[in-house]
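Have a look at the structure below before the remarks.
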Amino acid sequence: MESYNELEEIKKKVSEHFTVEDVFYEAGFLTFQVAEKEIKERFRRLYKALRELGYIPIARLRDGRVVIRVFRYREPELGWMRYRSLPLILFITTLAAIFADGYLRASAPGYEVLFGERGILDRLLEAALFAMFLMLIIGLHELGHIVSARRSGMTATPPYFIPGIPGMIPTFGAVIFQKEPIINRDDMFDLGISGPVMSFILSVLVAFFVVKTQTLWLTEAEYLKAIEAIKSRGGSFLPAPLMMELIMLLLTVPGRVPLIVGVAGFAAWLGFLVTALNLLPIWQLDGSKIFRSLLTPRQHRIASYISLAFLAIMGYFFIAILFFLLMSRMPDMPPLDEISPLSRNRKLLFMAVLSMIALSFIPAYYF
């Protein structure tokens with residue numbers, strides 16, 4: 001229970017930022033009914049003032065009136081995150097897994113068809129380029145989240161990279177954890193979109209590099225002959241996302257057909273796919289924050305189930321099942337100020353989110 005002095009200080013802080021109409025206890029928490037309807041900036045300032053006292057406010061709309069509850073703030077438990085060397089260990093492990101994956105891909109039999117016998121040094125250089133590009137895509141994605149969190153006044157952990165299985169999926173990306181709650185819908189949107197925007201831009205830049213430097217422009221007869229020879233040796237081809245198709249169209253050589261031959265192309269391909277999946281409004285993905293900043297809890301849940309059905313139809317059946325199981329265990333996590341709407345400019349940016357999904361998504365049944 002708060003002391004008398006703390007209660008008076010809390011009341012003073014709230015009164016400095018709002019016109020208080022009533023003060024009462026509700027479910028054991030100090031609660032204020034205020035006169036203001038538009039509270040976005042006032043609430044942000046109140047949050048900063050109360051955090052200095054060790055408390056946080058939560059604003060909700062009740063019977064058409066704004067009600068602010070005040071809670072004592074508790075630092076999140078660090079758990080396994082208290083091991084300071086863990087981010088570095090995971091980074092090195094993930095880098096090693098990606099490099100090994102790149103080396104395996106650079107040793108695929110299809111390369112011999114195009115270039116003849118390749119030495120170990122050639123394969124190591126291909127693997128190094130692949131690892132550099134993929135780590136940049138993942139790392140700058142997380143950096144975008146960290147910068148966005150700090151701009152909103154939230155501290156965040158270093159990125160925790162997740163190693164994968166070389167020869168299959170070399171990494172499952174990375175995650176950061178913010179240590180403070182999200183204040184309003186604008187902050188929630190910014191935190192969600194900042195990472196995917198960075199990974200999308202990096203994937204586009206890597207795709208440009210690949211099309212310019214690691215693509216053979218063959219005649220149709222040469223192309224068909226190369227494809228047949230590569231398939232006869234057990235090689236396979238991945239479908240290109242729409243964005244990569246547009247880049248190849250932009251850089252096209254008249255009368256020639258493009259054949260991407262560098263392992264770095266898989267870094268761009270994986271960057272696009274992960275960006276598209278991450279933008280869907282499912283579980284704790286970035287898209288969940290973006291869509292939740294615009295939608296009500298019910299609308300967001302409907303959007304999540306539609307996305308799960310979309311994934312299953314597009315061939316990602318087991319991923320859809322996994323996300324469904326994870327989503328069912330996650331409660332709704334609204335911002336502290338759920339009253340203030342998303343800003344107009346961010347609503348317009350929502351169209352960019354849908355565009356990135358369309359340009360990056362790759363149906364699994366084409367694999």
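The values are calculated or read from the model by the stated rules, or taken from the named source; none is laboratory data. The structure displayed is predicted, hence computed values, not measured ones. Glycine also receives a Cβ, built like all others from the backbone with ideal geometry; neighbour counts cover every protein chain displayed.
If you go through the stretch 248-270 and pick out every residue that is out of contact with any Phe, Trp or Tyr (no Cβ under 6 Å at 6 or more places or on another chain) and either of a type in the set (Val, Ile, Thr) or in a loop (DSSP other than H, G, I, E, B) (or both), you end up with 7.
Does GLY167 meet the test of being touching a Pro at 6+ places or on another chain (Cβ under 7 Å), of a type outside the set (D, E, K, R) and over 30 Å from SER343 (Cα atoms)? When the stated conditions are applied, GLY167 does not pass them. With respect to the conditions (1) more than 20 Å from the chain's Cα centre (by Cα); (2) among the hydroxyl-bearing types (Ser, Thr, Tyr); (3) surrounded by fewer than 18 Cβ atoms within 10 Å (Cβ to Cβ), SER355 falls short on a single one, namely (1).
Looking only at the stretch 213-238, residues that are without any contact (Cβ under 8 Å) to a residue 40 or more places away in the chain, in a helix (DSSP H, G or I) and of a type outside the set (S, T, N, Q) come to 9 in all. At least 1 residues being among the acidic types (Asp, Glu) and more than 20 Å from LYS179 (Cα to Cα) is the threshold, and among the strands (runs of 3 or more DSSP E) wholly inside the stretch 1-111 those reaching it are 20-26. Please determine whether any residue of the stretch 337-355 is farther than 20 Å from LEU308 by Cβ, assigned by TED's automatic domain parsing to the domain that holds PRO239, touching a strand residue (DSSP E or B) at 6+ places or on another chain (Cβ under 7 Å) and not acidic (Asp, Glu). Taking every residue of the stretch 337-355 in turn, at least one turns out to be farther than 20 Å from LEU308 by Cβ, assigned by TED's automatic domain parsing to the domain that holds PRO239, touching a strand residue (DSSP E or B) at 6+ places or on another chain (Cβ under 7 Å) and not acidic (Asp, Glu).
Every residue, every condition in (1) free of Cβ contacts under 8 Å to residues at least 60 places away in the same chain; (2) touching a Phe, Trp or Tyr at 6+ places or on another chain (Cβ under 8 Å); (3) farther than 19 Å from PHE208 by Cα; (4) not assigned by TED's automatic domain parsing to the domain that holds VAL274, yes or no:
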| site | (1), (2), (3), (4) |
| --- | --- |
| LEU129 | no, no, no, no |
| MET132 | yes, no, no, no |
| ILE137 | no, no, no, no |
| GLU142 | yes, no, yes, no |
| ILE146 | yes, no, yes, no |
| ALA149 | yes, no, yes, no |
| MET154 | yes, no, yes, no |
| ILE162 | no, yes, yes, no |
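Only residues that are assigned to a helix (DSSP H, G or I) and among the hydroxyl-bearing types (Ser, Thr, Tyr) were counted in the stretch 113-169, giving 1.
Taking the criterion of being farther than 30 Å from ARG292 by Cβ and in contact (Cβ under 8 Å) with a residue 24 or more places away in the chain, would at least one residue in the stretch 173-181 satisfy it? No, the stretch 173-181 contains no residue that is farther than 30 Å from ARG292 by Cβ and in contact (Cβ under 8 Å) with a residue 24 or more places away in the chain.
For the stretch 65-87, what are the residues that are over 23 Å from ASP337 (Cα atoms) and modelled with pLDDT of 95 or more? Scanning the stretch 65-87 gives no hits. Going by the conditions given, is GLY153 modelled with pLDDT under 95 and at positive phi? Spelling it out, GLY153 is indeed modelled with pLDDT under 95 and at positive phi.
Take the conditions (1) in a helix (DSSP H, G or I); (2) crowded, with 21+ Cβ neighbours inside 10 Å; ILE319 misses just one of them, which is (2). Entry remark, the stretch 181-212: residues being part of a loop (DSSP other than H, G, I, E, B) and either in contact with a helix residue (DSSP H, G or I) (Cβ under 8 Å, 6 or more places away or on another chain) or assigned by TED's automatic domain parsing to the domain that holds GLU41 (or both) number 2 in total. The C-beta contact set for the stretch 247-274 (first residue at positive phi, second residue part of a helix (DSSP H, G or I) and not aromatic (Phe, Trp, Tyr), distance under 9 angstrom, 6+ apart or interchain) comprises GLY255/GLU220. Condition check for LEU7 on (1) of a type in the set (A, V, I, L, M, F, W, C); (2) modelled with pLDDT of 95 or more; (3) out of contact with any Ser or Thr (no Cβ under 9 Å at 6 or more places or on another chain): one failure, at (2). The set of residues in the stretch 263-288 that are crowded, with 21+ Cβ neighbours inside 10 Å, out of contact with any Gly (no Cβ under 9 Å at 6 or more places or on another chain) and of a type outside the set (Val, Ile, Thr) comprises GLY265, ALA268, TRP269, LEU270, GLY271, PHE272, ALA276. Taking the stretch 323-348 as the range and being at pLDDT below 95, surrounded by 15 or more Cβ atoms within 10 Å (Cβ to Cβ) and assigned to a helix (DSSP H, G or I) as the test, the residues that pass are PHE323, PHE324, MET327.
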